[in-house]
Every structure is written in C-alpha cells, then in structure tokens.
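Here the structure is laid out as structure tokens; the discussion comes afterwards.
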Amino acid sequence: MNIEQKIYKKLLEVPKGQITTYGELAKAVGLKNGQRVVGKIMNKNPYPVIIPCHRVVMSTGKIGGYTFGENIKIKLLNDEGIQIKNGKIMDLENRVYRF
C-alpha cells in the first residue's frame, strides 16, 4: 500500500461531524511533519466526498482548500453539523478526531 492509499484509508475513519488536521492525519500514517504531503494528496483525491477530504482542516482551525472551492467545503461541513465562523471551525478541540 502506498502513502496515498494509507492516507485515504486512514481518513475513512473520521466520522461525520468530526474533522482532523493535516498534521494529525500525517502522524496517523507515520509521516513526521507531513502536513504538506497530506495537503497535496488531498488535492489529488480522485473520489472527493467518498474519501472525505473536506474533513481535513488546518491545525489553526482554518478550513483550508478544497477541490470544488471553500464554499462547497463549508457547505459539506455545515451539513455534517460543523459550524464555521470567519473561515474557522467553531469548537475545534471538540471536533478533532483522534486516531
């Protein structure tokens, strides 16, 4: 299994209504300081929504990018009950999924 597959598989563990960060996801697959690698892999996700890359956000709570644009990412997160204000996840600490 290559690193992309490991990351996508690990991301499937994050349930609706929760998010993870690029850094948390990197650590979960053994990539030390691999946030940027995770970001690049999310950008290449061949199955957005099925592999829920919209649930990956920045450690600061900013939502980060999304293939279909930030407004779609915000809508997908809102539909899962995640509130966003000024481009940041509300109640971040209680929303982060720990692997």
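Look at region 21-49: where a residue is at pLDDT 95 or above and of a type in the set (Ser, Thr, Tyr) and a partner is surrounded by 16 or more Cβ atoms within 10 Å (Cβ to Cβ) and in a loop (DSSP other than H, G, I, E, B), sitting 6+ places away or on another chain with Cβ atoms under 7 Å, you get Thr21/Met58; Tyr22/Met58. Taking Val49, is it surrounded by 18 or more Cβ atoms within 10 Å (Cβ to Cβ) and either under 17 Å from Gln83 (Cα atoms) or hydrophobic (A, V, I, L, M, F, W, C) (or both)? Considered against the rule, which asks whether it is surrounded by 18 or more Cβ atoms within 10 Å (Cβ to Cβ) and either under 17 Å from Gln83 (Cα atoms) or hydrophobic (A, V, I, L, M, F, W, C) (or both), Val49 comes out as no.
Limited to region 55-81, what total is found for residues that are assigned to a loop (DSSP other than H, G, I, E, B) and farther than 24 Å from Val37 by Cβ? Here the count works out to 2. In region 67-84, the residues that are more than 18 Å from Asn45 (Cβ to Cβ) and without any contact (Cβ under 8 Å) to a residue 12 or more places away in the chain form Cβ pairs under 8 Å with partners that are of a type in the set (Val, Ile, Thr) and surrounded by 13 or more Cβ atoms within 10 Å (Cβ to Cβ), at six or more places apart or across chains, as follows: Asn78/Ile84; Gln83/Ile89. Of all residues in region 82-99, those being more than 14 Å from Val56 (Cβ to Cβ), in contact with a strand residue (DSSP E or B) (Cβ under 7 Å, 6 or more places away or on another chain) and in a strand (DSSP E or B) number 1. Here region 84-97 is the region considered, the condition is being among the basic types (Lys, Arg) and closer than 17 Å to Gly65 by Cα, and the residue that is surrounded by the most Cβ atoms within 10 Å (Cβ to Cβ) is Lys88. Of the residues examined, Gly81 is one that is surrounded by fewer than 12 Cβ atoms within 10 Å (Cβ to Cβ) and either modelled with pLDDT under 95 or within 15 Å of Thr20 (Cα to Cα) (or both).
The values are calculated or read from the model by the stated rules, or taken from the named source; none is laboratory data. Computed from a prediction, not measured in an experiment: that's the story for all the values here. With ideal geometry, Cβ positions are generated from the backbone for all residues, glycine too; neighbour counts draw on all protein chains shown.
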